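Everything on this sheet refers to the single structure shown next.
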Ligand SMILES: Nc1ncnc2c1ncn2[C@@H]1O[C@H](COP(=O)(O)OP(=O)(O)OP(=O)(O)O)[C@@H](O)[C@H]1O
Ligand SMILES: [Mg+2]
């Protein structure tokens with residue numbers, strides 16, 4: 001049975017650009033899919049196609065059990081969307097923005113008011129509730145936009161870079177809100193440039209590049225593919241690089257790499273902390289002095305770099321155009 005968000009062979013072109021080049025997705029109900037990819041990979045285009053804002057050239061999409069191309073209006077009633085670019089009405093206050101959304105979704109006025117109060121509180125906007133939102137800071141607007149997406153708790157949510165531009169405290173709070181939502185059964189597709197965020201929140205991850213899914217799996221599966229754990233040693237003296245390399249060769253599961261200017265040696269291993277202790281004892285027995293030693297596991301950043309060949313950039317709201325122009 002297809003999941004709460006399902007896509008098959010989605011293609012979307014803009015002139016010569018194949019923004020989506022055959023994307024398949026399947027997100028089981030009540031889980032979080034993290035969509036990762038460099039700038040221009042097609043993440044926002046995918047979100048826009050799945051949320052009826054764009055019509056794909058070909059392919060199939062089913063959200064909350066409803067065919068997106070055949071019944072866009074029904075899909076709209078079953079989803080919440082928070083976009084990369086906040087969609088709040090600048091001239092309305094925070095409170096009015098939230099009440100308006102409630103009313104658009106046919107809530108009674110009283111209910112919409114109560115919901116607005118609750119969300120303003122939750123997103124720390126109570127003090128600013130009655131100011132026009134054009135006076136809000138970037139982070140406040142983003143929080144208001146997210147609050148707006150949560151006025152009616154829809155079964156399926158899409159969040160395109162929900163925490164870009166939020167400070168660490170607000171980001172942490174949003175993570176908590178997201179975890180509560182998902183615990184309550186919401187299915188979420190989230191795009192993010194913060195790989196730590198995907199690591200923390202997503203059950204499954206899809207890495208997209210040039211409109212295609214180039215890798216998928218859990219964070220742990222992707223990390224394991226990137227090449228397991230390794231021991232890193234920094235020796236105190238350059239003369240100790242060779243003897244240390246010999247020691248590491250004895251413990252490693254692959255080639256030892258050594259950098260003479262940093263005096264750092266690395267070797268892939270398996271065996272975790274116990275093995276690390278043995279390496280330390282052996283180095284010590286041979287009189288090799290070390291400045292640093294550690295067991296390093298690949299981070300999601302390592303995965304991202306090895307898959308796409310570049311580091312994840314933070315797409316600031318103003319930076320988007322420049323980054324695309326530079327790409
Ligand atoms: N309306 C449009 N008209 C023309 N080209 C577009 C349009 N929307 C997107 N594109 C192009 O499609 C490609 C994918 O863009 P998209 O916005 O989906 O990327 P993204 O993965 O969301 O990137 P970012 O991380 O910068 O937000 C890019 O090359 C972009 O320039
Ligand atoms: Mg985008």
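Most fluctuating residue of 39, 73, 170 in a GNM of the chain with Cα springs under 10 Å: which is it?
It is 73.
Using only Cα atoms, find the angle between the long axis of helix 168-183 and the longest principal axis of the chain, and express it within 0 to 90 degrees, rounded to the nearest 10.
70
If you rank 82, 137, 58 by fewest surrounding Cβ atoms within 10 Å, what's the result?
In order of increasing Cβ crowding within 10 Å: 137, 58, 82.
How much length is gained if the chain between residue 259 and residue 131 is pulled fully straight, taking 0.36 nm per residue apart and subtracting their Cα-Cα distance, in nm to one decimal?
On the way: separation 128, 0.36 × 128 = 46.08 nm, distance 5.74 nm.
Net length gain for the segment: 40.3 nm.
Note down the relative contact order for region 175-257 as a percent, whole number, built from C-alpha pairs under 8 angstrom at least six residues apart.
RCO, region 175-257: 13 percent.
Per 10 Å bin, what is the whole-percent P(r) computed from every C-alpha pair distance within the chain?
6, 22, 26, 20, 13, 9, 4, 0
For the residue pair residue 118 and residue 92, what label-to-label distance in nm results when each label sits 7 Å from Cα along the Cα-to-beta-carbon direction?
Going by the 7 Å Cα→Cβ label model, 1.8 nm.
Cα convex hull of region 11-152: how many Å³ per residue?
136
Can you tell me what the convex hull of the Cα atoms of region 183-310 projects to on average, as an area in nm²?
Taking the Cα atoms of region 183-310, their convex hull projects to 9.8 nm² on average.
Roughly what percent of Cα-Cα pairs across region 243-292 reach past 16 Å?
The calculated P(r) of region 243-292 puts 36 percent of pairs beyond 16 Å.
For the chain, what does the relative contact order come out to in percent, with C-alpha contacts under 8 Å and a separation of six or more? All intermediate terms of the calculation are to be shown ahead of the outcome.
On the way: 627 pairs, mean separation 65.5, N = 327.
Reported relative contact order: 20 percent.
For region 84-125, what's the relative contact order in percent, using C-alpha pairs closer than 8 Å and at least 6 residues apart?
It rounds to 35 percent for region 84-125.
Most mobile of 269, 247, 23 per a Gaussian network model of the chain (Cα springs, under 10 Å)?
Maximum among the listed residues: 247.
Once both labels are modelled 7 Å past Cα along the beta-carbon direction, what's the residue 24-residue 289 spacing in nm?
Label at residue 24, label at residue 289, 5.8 nm between them.
With a 10 Å Cβ neighbour count serving as the proxy for reagent exposure, in which order, fewest first, do 251, 14 appear?
Final ranking by Cβ density, sparse to dense: 14, 251.
Quick one: 60, 70, fewest Cβ neighbours within 10 Å first, how do they rank? Could you put the intermediate results ahead of the total?
Values: 60 15, 70 10.
With the sparsest Cβ surroundings first, the list reads 70, 60.
Name the residue, out of 261, 210, 240, whose mean-square fluctuation peaks in a Gaussian network model built on the chain with Cα pairs under 10 Å.
Sorting by GNM fluctuation, first place goes to 261.
Every number in this text was worked out from the coordinates using simple rules, so none of it is lab data. Because the structure is predicted, anything quoted here is derived from the model rather than measured. Using ideal geometry, Cβ is built from the backbone for each residue, glycine included, and neighbour counts are taken over all protein chains shown.
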